[in-house]
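The structure appears right after this line, and notes come after that.
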Number of protein chains: 2
Amino acid sequence: MDAITIKDIARALNLSTSTVSRALRDSYEINPETKRLVVEYAERFNYRPNPIALSLKENRSRVIGVVVPQIANNYFSQAINGIDAIAYSRGYQVIIFQSHESYERELLTVQQAVARKVDGLLISLSGGTSDVSHLRDLQERKLPIVLFDRVSKELDSFCVTADNFTGAFAATEHLIQSGRRRIAHLAIPSYISITQERLAGYRAALEKYGVPYDENLIRYSEFSQNDVEPVVNDLLNQSPDAFFAAGDRLALGCLATLKKRGIAIPETVSLIGFTNTPVADLLAPPMSTVEQPALDIGQVAAEQLINLIEGKQKLTQPGMIRMPTRMIVRESSQPVGVSKPV
Amino acid sequence: MDAITIKDIARALNLSTSTVSRALRDSYEINPETKRLVVEYAERFNYRPNPIALSLKENRSRVIGVVVPQIANNYFSQAINGIDAIAYSRGYQVIIFQSHESYERELLTVQQAVARKVDGLLISLSGGTSDVSHLRDLQERKLPIVLFDRVSKELDSFCVTADNFTGAFAATEHLIQSGRRRIAHLAIPSYISITQERLAGYRAALEKYGVPYDENLIRYSEFSQNDVEPVVNDLLNQSPDAFFAAGDRLALGCLATLKKRGIAIPETVSLIGFTNTPVADLLAPPMSTVEQPALDIGQVAAEQLINLIEGKQKLTQPGMIRMPTRMIVRESSQPVGVSKPV
DNA sequence: AACGTTATCGGGAACGTTGCCGAATTTTAA
DNA sequence: TTAAAATTCGGCAACGTTCCCGATAACGTT
């Protein structure tokens, strides 16, 4: 009733399945005339090889699994876009899994992906993931894995991230140079690599300009907007004159909370986000951001992974690729007293 | 080296594969003691049934395919979230495909999905799709299909959309009641169902209030921000006093263009979007929107599809579910002269 | 004339799983 | 005691595909 198989063609043309198979793959040992017959028949009845049968036989699937904390997040959806583009052009399909920032979900989805015989895994660690032994196991079983964005030093794998240190340094430097001294830093959970790197960039900039580091100005927050608000409110008790928010949701949550509290931006506090929203300059006020090249990160990560899969790269060679960020200064971080740009 | 199979267990315990299989599915005709042995061994070596082998055997995959125009779009990523939640809870996995608003890509991805033996298909039509015969073919081959958001009347299938007529009517009525008369309508390509429905709602509201319908105020645009700008500029020649943008990207593109041109919102023109962005009230000015319950739409669509797959619903019974929209009035559509809300 | 080549094709196994059929042993019933 | 029934398991085929190994001709070579 359904799709035509190689068997059907064999039966119809009075051939064996092996002959049909070889004819379709243009084997040299098949009579050109026979080939013609087979190919014509296959086309007429719209034959498509069954990828599932192939997967079972060859123990590979031409599928790469992507595990992200959240699809509904501009950064990740753009990264997925990059992944998808590369995968498509190199003949792979993409299965997307969400970990919902939960370690347990991440474990589960990774297992499912492996069960589905993905040829490789592209992961951005969940916020709840501090232990990466589940990934290490897979790596030891020779499954190609590439981490992107939320990477981990605990794992000797290929990593692709934004240049978090430099980006955070630039953002902090910019805030200092525009006259801010008490710069609050809003970060995602601390054990994630990018948190550390951004914090390091932040501290390095403070140090360069002799601004004292105050632990009370650092806060870690979960990802939903509801989680951000109390943290920002708490930070406000430390009388900061700037906010440096290290993430998409954090920046928007921070902006929302500040507006709700009626705190003037940038007159009272400056704000700069480490984020990826395309609407930054439509916001009120237009939000300064350190932009991450999400699409590029996705592309590079996918390329690395497929190279690993196809053996074009040594499995044992871990590597870290840092993609440059771009700081875009908008109104939300203007120095006080400076007229607004048009 | 890799994952353990039922054969390995059979060999290790000196049983046949069928016995092991039945032991694992808790068949009544297996000795409890044997069962215990098998289950323990399976657990100890972390046995997972091979879904690919199962797919091949049973000609089903417990996977549902989702085809959307774009992942990096708030509406769709939220809908996918809803789909994912339902699929997960009912034991299905989700494979996401992007059509990139291209008919050819849609054809291709749908074929791939079918080749992968998805148990059902959840589709939001691409902007380039006017012919749906590829889907009709699949339907005739008894593949469960549910359309969501961008549906088509040409197809006798289950559809889940927002209540576009009512939403558009409400938006237009609101604009009229706040003193606007020349209301420009920015829509996605015309042959898509939601375009028609929203246009109908728009016209019905005009009619109710005796506002003349002017064809010149209607424009169709592609989806990227670059496409929107010239269309908005063109519309401005018709001296509209309001914009009703029927989509996520359109609304943001419209806002960006108006700001670029220095046109005061809402003093000179009003703006209301039919969209799903969570940052609407952080924009400058906060943007009025007709919100679509994207998550709910995804959930309902997924539920319907799984019901179809599992035969809990007649395949022949087409149906249309309209989810209510919610209009949120913000600053961008305030009547002129009204003081801004706090 | 005997043998090796070449061209062209078929048979069978394997990938992991389930389900049908049957077989062996033990238990139950008449 | 003997047939019937229940219990417990193994063998085999099948899903679609590829690949290894042969098989059969026709042909050319010594």
Subject >> Residues satisfying the stated conditions in the range B:19-57, i.e. away from chain A (no Cβ under 14 Å) and of a type in the set (V, I, T) >> reply: B:T19, B:V20, B:I30, B:T34, B:V38, B:V39
Original post:
Quick check, is B:K153 under 26 Å from A:Y47 (Cβ atoms) and either within 14 Å of chain A (Cβ to nearest Cβ) or among the charged types (D, E, K, R) (or both)?
Top reply: no
**OP:** Might you let me know whether the range B:3-17 holds any residue that is within 13 Å of DNA strand C (Cβ to nearest atom), in contact (Cβ under 8 Å) with a residue 24 or more places away in the chain, at positive phi and within 10 Å of chain A (Cβ to nearest Cβ)?
**Re:** no
Original post:
Going through the range A:12-61 one residue at a time, which ones are of a type in the set (G, A, S) and within 11 Å of DNA strand D (Cβ to nearest atom)?
Top reply: A:S16, A:S18, A:S21, A:A23, A:S27, A:A42, A:A53, A:S55
Original post:
In this structure, is A:V132 in the same structural domain as A:V20 (by TED's automatic domain parsing) and of a type in the set (A, V, I, L, M)?
Top reply: no
**OP:** Mind listing just one residue for me: the one in the range B:64-123 that is at positive phi and within 10 Å of chain A (Cβ to nearest Cβ) and, of those, least open to solvent (accessible area, probe 1.4 Å)?
**Re:** B:K117
**OP:** For A:I272, state whether it is outside any helix (DSSP H, G or I) and modelled with pLDDT of 95 or more.
**Re:** yes
Original post:
Just wondering, is there one or more residues in the range B:68-86 that are at pLDDT 95 or above and farther than 27 Å from A:L295 by Cα?
Top reply: yes
Original post:
Within the range A:135-173, can you find the residues that are β-branched (V, I, T) and open to solvent by less than 10 Å² (accessible area, probe 1.4 Å)?
Top reply: A:I145, A:V146, A:V151, A:V160, A:T161, A:T172
Subject >> Filter pass, B:L107 being at pLDDT 90 or above and outside any helix (DSSP H, G or I) >> reply: no
Original post:
Filter the range A:42-63 for residues that are within 30 Å of A:A12 (Cβ to Cβ) and away from DNA strand C (no atom under 16 Å from the Cβ); which is most open to solvent (accessible area, probe 1.4 Å)?
Top reply: A:R44
Subject >> Unique match (being closer than 17 Å to A:A184 by Cα, open to solvent by 10 Å² or more (accessible area, probe 1.4 Å) and of a type in the set (S, T, Y)) among A:T268, A:T257, A:T289, A:T275 >> reply: A:T268
**OP:** Would you mention how many residues in the range A:174-211 are open to solvent by 40 Å² or more (accessible area, probe 1.4 Å) and under 20 Å from the mean Cα position of the chain (by Cα)?
**Re:** 3
Subject >> Options A:D214, A:D248; residue that is charged (D, E, K, R), open to solvent by 10 Å² or more (accessible area, probe 1.4 Å) and away from every other protein chain (no Cβ under 14 Å) >> reply: A:D214
**OP:** Kindly check whether there is at least one residue in the range B:313-321 that is open to solvent by 10 Å² or more (accessible area, probe 1.4 Å) and within 11 Å of another protein chain (Cβ to nearest Cβ).
**Re:** no
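The values are calculated or read from the model by the stated rules, or taken from the named source; none is laboratory data. Because the structure is a prediction, the values reported are computed rather than measured. No Cβ is skipped: glycine too gets one built from the backbone with ideal geometry, and neighbour counts run over all protein chains shown. Accessible surface is based on the protein model in full, side chains and every heavy atom, while ligands, DNA and RNA are left aside. Shrake-Rupley method; radii C 1.70, N 1.55, O 1.52, S 1.80 Å.
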